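The values are calculated or read from the model by the stated rules, or taken from the named source; none is laboratory data. Computed from a predicted model, the values in this text were never measured in an experiment. Quick reminder, even Gly has a Cβ in these numbers, built from the backbone with ideal geometry, and neighbours come from all protein chains shown.
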């Protein structure tokens, strides 16, 4: 039986009794982390002498993975949200996968899950969820001994959707600037103006929404015209060069009191939601904030070679850069041939 105590420094200590001996550990930032540690010790004690698949439902695998693996990931918020949805910790009921015993789990169950989800959400969403489920099954098989093998390896993965090619159409940038009331010569004090500044900055730098929102002044060097990104989507830090326009955006933000720590003082969720509202207000169809990254890279491709373009964007696979993000106008390419 495990016990948990909050220490004087605000952290948590866990204590668990195994085989008549007590084990204790302190310094956990949250009770969930302390619970996960105690749960792991108890599980190992119960199953260390057994090579058989435990008599547990798949729900237990989802919970254990969420509490011991997901919490260590940079994208933990989104992964935990997905797992909680499968567990029924929200408005939706638990997925049927939760109630299947680990010893009974077969490829057909994941094929049924795939077909179910394809009726409910887009293929891209199913593929992202597929990655999480497959990782859970791999961990069960390779590390925990809860499965003999990953049953998803025998299930046909949905076909990747066609890559987006959406770029700004003539007049759309001007519409967005009017809607946000952003003027690059004036400090953007309102949230709407701040969204406008982020739009311009994204087009000038090819940075993602989360990267833009995470910029701190410590990472900005206006003399060298660079911004350093210590944490990126693929885990590799990179330094992004800044155009004259991008520098001007930052210089205006630097004068604002509420932007003294984070340059834009925006959260990525808020940026995305407000961008969609502004887009809809302009009656612009099917434009995502992330499409501005494609717009930026296509423009930058006219100025730098492909290797420098990959350095700016952070792509390690040039095929993805070419297939997904670089969308040139063949009419423009034709003019370059003369």
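One table, with the values for the structure above:
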item	result
Residue 307 being buried (at least 20 other Cβ atoms within 10 Å of the Cβ) and either within 26 Å of the chain's Cα centre (by Cα) or closer than 14 Å to residue 200 by Cα (or both)	no
Looking only at the stretch 82-112, and only at residues there that are surrounded by fewer than 13 Cβ atoms within 10 Å (Cβ to Cβ) and in a helix (DSSP H, G or I), the one that is modelled with the lowest pLDDT	104
Given (1) under 27 Å from residue 300 (Cβ atoms); (2) in contact (Cβ under 8 Å) with a residue 40 or more places away in the chain; (3) in a loop (DSSP other than H, G, I, E, B), index of the condition residue 194 fails	(3)
Residue check, residue 174 exposed (fewer than 15 other Cβ atoms within 10 Å of the Cβ) and under 30 Å from residue 287 (Cα atoms)	yes
Matching residues in the stretch 253-301 - criterion: being in contact with a helix residue (DSSP H, G or I) (Cβ under 8 Å, 6 or more places away or on another chain), without any contact (Cβ under 8 Å) to a residue 60 or more places away in the chain and assigned to a loop (DSSP other than H, G, I, E, B)	254, 260, 261, 263, 267, 301
Failed criterion for residue 79 (all others in (1) part of a helix (DSSP H, G or I); (2) at pLDDT 85 or above; (3) under 15 Å from residue 146 (Cβ atoms); (4) in contact with a helix residue (DSSP H, G or I) (Cβ under 7 Å, 6 or more places away or on another chain) hold)	(3)
Filter pass, residue 43 being under 26 Å from residue 147 (Cβ atoms), at pLDDT 85 or above, surrounded by 15 or more Cβ atoms within 10 Å (Cβ to Cβ) and out of contact with any strand residue (DSSP E or B) (no Cβ under 9 Å at 6 or more places or on another chain)	no
When residues of the stretch 236-248 are limited to those that are surrounded by fewer than 20 Cβ atoms within 10 Å (Cβ to Cβ) and either within 18 Å of the chain's Cα centre (by Cα) or in a loop (DSSP other than H, G, I, E, B) (or both), the one modelled with the highest pLDDT	243
In the stretch 207-222, residue farthest from the chain's Cα centre (by Cα) [restricted to those that are in a helix (DSSP H, G or I) and farther than 12 Å from residue 253 by Cα]	218
Residue satisfying condition, being in a helix (DSSP H, G or I) and surrounded by 16 or more Cβ atoms within 10 Å (Cβ to Cβ), within set 204, 143	204
Failed criterion for residue 120 (all others in (1) within 30 Å of residue 203 (Cα to Cα); (2) without any contact (Cβ under 8 Å) to a residue 12 or more places away in the chain; (3) outside any helix (DSSP H, G or I) hold)	(1)
For residue 233: the one exception among (1) part of a helix (DSSP H, G or I); (2) touching a helix residue (DSSP H, G or I) at 6+ places or on another chain (Cβ under 8 Å)	(1)
Residues being free of Cβ contacts under 8 Å to residues at least 24 places away in the same chain and in contact with a helix residue (DSSP H, G or I) (Cβ under 7 Å, 6 or more places away or on another chain) - total across the stretch 202-228	3
Tally, over the stretch 148-171, of residues that are surrounded by 11 or more Cβ atoms within 10 Å (Cβ to Cβ) and farther than 16 Å from residue 299 by Cα	13
Test: residue 199 is assigned to a helix (DSSP H, G or I), at pLDDT 95 or above, within 24 Å of the chain's Cα centre (by Cα) and closer than 30 Å to residue 60 by Cα	no
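Here's the yes/no breakdown for (1) closer than 23 Å to residue 213 by Cβ; (2) at pLDDT 85 or above; (3) in contact with a strand residue (DSSP E or B) (Cβ under 8 Å, 6 or more places away or on another chain):
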residue: 267; (1), (2), (3): yes, yes, no
residue: 271; (1), (2), (3): yes, yes, no
residue: 284; (1), (2), (3): yes, yes, no
residue: 290; (1), (2), (3): yes, yes, no
residue: 300; (1), (2), (3): yes, yes, no
residue: 303; (1), (2), (3): no, yes, no
residue: 314; (1), (2), (3): yes, no, yes
